[in-house]
1. Give me D for chain A in µm² s⁻¹, whole number, from Stokes-Einstein with Rh from the Kirkwood sum over alpha-carbon pairs, 4 °C and 1.567 mPa s.
2. Taking the Cβ-Cβ separation of A:Asp16 and B:Glu61 as r and a Förster radius of 41 Å, what is the calculated FRET efficiency to the nearest 0.05?
3. Indicate the gyration tensor shape class of segment A:74-126 (rounded, prolate or oblate), computed on the Cα atoms with a ≥ b ≥ c the square roots of the eigenvalues: a/c under 1.5 is rounded; otherwise a/b larger than b/c is prolate and the rest oblate.
4. Tell me whether segment B:1-91 comes out rounded, prolate or oblate; compute the Cα gyration tensor, take square roots of the eigenvalues as a ≥ b ≥ c, and use a/c under 1.5 as the rounded threshold.
5. How far is it, in nm, from the label point at B:Asp162 to the one at A:Arg41 when both lie 7 Å from their Cα along the line to the Cβ?
6. Extending each Cα 7 Å along its Cβ direction at A:Gln31 and B:Ser33, get the distance between those two points in nm, one decimal.
7. Below 8 Å, C-alpha to C-alpha, sequence gap of six or more: please give me the relative contact order for chain B in percent.
8. Using a 10 angstrom cutoff on alpha carbons, build the Gaussian network for chain A and name the most mobile of A:Leu56, A:Leu72, A:Leu27.
Protein chains: 2
Amino acid sequence: MIVAAARRVVEAEGLDALTLRRVGHELGTGQASLYRHIADRRELLELIADDVARDLPRPREGDDPRRRLLDLWRAGHDYLARHRWAARIIADGDIVSPHAERFASAALAALVDAGCPESEALRGYRALWHLLLGHLLNAHPLGHHVGGEPATSPGDNVSADDPGAEFGWALTRLVDGILGRDR
Amino acid sequence: MIVAAARRVVEAEGLDALTLRRVGHELGTGQASLYRHIADRRELLELIADDVARDLPRPREGDDPRRRLLDLWRAGHDYLARHRWAARIIADGDIVSPHAERFASAALAALVDAGCPESEALRGYRALWHLLLGHLLNAHPLGHHVGGEPATSPGDNVSADDPGAEFGWALTRLVDGILGRDR
DNA sequence: ACCTGAACACCGTTCAAGT
DNA sequence: ACCTGAACACCGTTCAAGT
């Protein structure tokens, strides 16, 4: 399968290594043959993006709603952090991914369950998604060295070297801001 | 000046149109001549990214600190939204932009002024930057059509069609979450 | 009818040849 | 010494020629 071959390349060598010639070679065929199955390179990117989206996490049952919301997004972040190339694909093109919509629906529902008014849920979802995307796409914020080394004060166990924890910190703040909860 | 020529191209025709041949033509010279002034294409991107960063907004004086913080980020967003290609450059490479650091320092100081503990300011800054970057890079969140059309309820004057206002909404929530303020 | 080698129009980058 | 035309090693995409 062409999607499987493309994913093998992209997981092993990154998005820049994903050329049609490389995928063709992986399948033991010429690059021109790929055009029997896809319209262009963009479509191939769309297909592998949807393929990763298939394994986006589902919400866990049972926890309290706010916890469930936070865990879902944190799990989504950690999963996509292992497949950063997917974030790059989503950012460039206007990709429509059916499998991603399942995650989006779950995230929207979790937000409402946690107490977000329905009229704000969609904007809240988008805000969370943009926060996630920003974290995935930019390891180093604008002007790395602002303020010198991260002032690791006592009790500050979240360093920039642990992107998952850093996202978790930001996520909690944004969720609390959306839910209007004081900590 | 080579940077000016490159910016002319990128502003008029977008980042994908920025080829070295095109810039060379703009300057009335061959593409090979550019290598007298820059090491490679990446360096040219870095130079024009730093060039936009020169005009990033400065904080306004006088307002109350929270307002000043919100205005600074909102102005930063609106400015970069007019130069979206810059966000793409920052997202791909590990760009170090001296001019961007001035904005970053101001944003950090504004956060502290607004009451953010120093030990959290850097993480707060990064969270805000990632939210901004996510907004700039992704016009359409994962699976556009979740929940059908944005449920524009009465009093909901922020639609997805106004990216500036949408960012403003998310920004306010994240800032309030960081500052631990209840609305 | 289906597949694909070879070609086309690009790209960033290099380097020997020109001044 | 400085500049650059022409070439090189890539791309995505097309299409006529092969089966």
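1. Working: Rh = 18.3 Å.
Rounded to a whole number, D works out at 71 µm²/s.
2. On the way: r = 45 Å, r/R0 = 1.11.
Once the sixth-power term is evaluated, E becomes 0.35.
3. Numbers: a/c = 2.47, a/b = 1.76, b/c = 1.40.
Because a/c hits 1.5 or more and a/b exceeds b/c, segment A:74-126 counts as prolate.
4. Working: a/c = 3.27, a/b = 2.85, b/c = 1.15.
It is prolate, given that a/c is not under 1.5 and a/b is the larger ratio.
5. Once both label points are built, they end up 3.9 nm from each other.
6. 3.2 nm
7. Numbers: 157 pairs, mean separation 35.2, N = 183.
With pairs under 8 Å counted, the relative contact order is 19 percent.
8. A:Leu27
The numbers here are math on the coordinates, done by the rules we state, and not lab data. All of these numbers come straight from a predicted model, not from anything done at the bench. Because the Cβ atoms are built from the backbone with ideal geometry, glycine has one as well, and the counts that use them run over all protein chains shown.
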